[in-house]
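Nothing in this text is a laboratory measurement; each read-out follows from the coordinates by a stated rule. Predicted, not measured: the structure shown is a model, and the values here were computed from it. Every residue, glycine among them, receives a Cβ derived from its backbone with ideal geometry; neighbour counts consider all protein chains shown.
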Amino acid sequence: MIYTCDKCRFIFERTGQVDSCPDCGKPSIREATPNEREEFRKKKAAPENTNSVFLLEQHEKGLLDDTSFLKVFGKAKIFYSTPYGDHKDGGARLFALPASESTGYLPVFSSHERIKEFYENAGRCAYMIIEGTFLSFLETTRQINTAAPVKMGAVIDPGYFGVTVNADMLDTAISLMK
């Protein structure tokens, strides 16, 4: 079934019981309207997010400064998963990359292929792929950080580009994107 979150407008597909939005975590979800279902199907059928890869390449080559990159990349479609998950060894763990001083980076990806490759290499199994904008991801991460003992930032396409937004820079990055 396809659902819509009335809080953040995220449209997603799930089977079984759904209690909250996988993007913002709010319980304000409902079955999608026919127009929303059509929008979801069109997005799902569209080619992968080549625009975000182009932006990352331009930034890496120095053709796009950090501020300009963030202003545009905030609207880019990215893919991510929940930070905790099952490992192939049978245990559960946090799938984050270390950063300085008791902080970490949550990985986000520009394509389904890259998220699958990353988690396969990390030994993660049974995860869901969540789609949203980079801005919505950072806003959710900022909310989670208010109660978390380890503060998280973001790393984009680790192993390919590795562009990072440190945990202490979330407010600045979000302001630039709005």
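Answer with a single label: of [x] 1.02; [y] 0.95; [z] 1.07, which was calculated as Rg/Rh (Cα atoms, Kirkwood Rh) from the structure in view?
Matching entry in [x] 1.02; [y] 0.95; [z] 1.07: [y].
With a point put 7 Å past each Cα toward its Cβ, work out how far His112 is from Thr82 in nm, to one decimal.
Simple spin-label model gives 2.1 nm for this pair.
Say R0 is 41 Å: what FRET efficiency, to the nearest 0.05, do Thr146 and Cys125 get from their beta-carbon distance?
On the way: r = 30 Å, r/R0 = 0.73.
Given R0 = 41 Å and the Cβ-Cβ separation, E is 0.85.
Report, for region 50-177, the % of DSSP beta bridges that are antiparallel, rounded to 5.
Numbers: 15 of 21 bridges.
Close to 70 percent.
Considering the chain as a Gaussian network with a 10 Å cut-off on Cα pairs, which listed residue, Ser28, Ser136, Ser100, attains the greatest mean-square fluctuation?
Between Ser28, Ser136, Ser100, it is Ser100 that shows the largest mean-square fluctuation.
Going down the list Lys75/Lys151; Lys71/Lys178; Lys7/Lys42; Lys88/Lys116; Lys7/Lys178; Lys42/Lys77, which pairs span over 19 Å between their C-alpha atoms? Display every interim value, and only then the final one.
On the way: Lys75/Lys151 23 Å; Lys71/Lys178 7 Å; Lys7/Lys42 22 Å; Lys88/Lys116 14 Å; Lys7/Lys178 17 Å; Lys42/Lys77 14 Å.
Distance filter (> 19 Å) returns Lys75/Lys151; Lys7/Lys42.
Can you tell me how much longer the chain between Arg30 and Phe54 gets when fully stretched, taken as 0.36 nm per residue apart minus their C-alpha distance, in nm with one decimal?
Numbers: separation 24, 0.36 × 24 = 8.64 nm, distance 3.46 nm.
Result: 5.2 nm gained on full extension.
Spin-label point model (7 Å from Cα, Cβ direction): what's the Leu63 to Thr164 distance in nm?
Taking the simple label geometry, Leu63 and Thr164 are separated by 2.6 nm.
Can you run phi through the Karplus equation (6.51, -1.76, 1.60; θ = phi - 60°) for region 115-131 and list ³J(HN,Hα) in whole Hz, with x for Gly and Pro?
Karplus values, whole Hz, x for Gly and Pro: 5, 5, 4, 4, 6, 4, 5, 7, x, 7, 9, 6, 10, 9, 9, 9, 10.
For q = 0.22, 0.27, 0.28 Å⁻¹, what log10 I(q)/I(0) does region 2-45 give under the Debye formula with an equal point scatterer on each alpha carbon and no solvent?
Results for region 2-45 at q = 0.22, 0.27, 0.28 Å⁻¹ read -0.66, -0.95, -1.00.
Using only C-alpha positions, report the orientation-averaged shadow area of the convex hull of region 15-101, nm², one decimal.
Numbers: hull surface 39.4 nm².
Mean projected area of the Cα convex hull: 9.8 nm².
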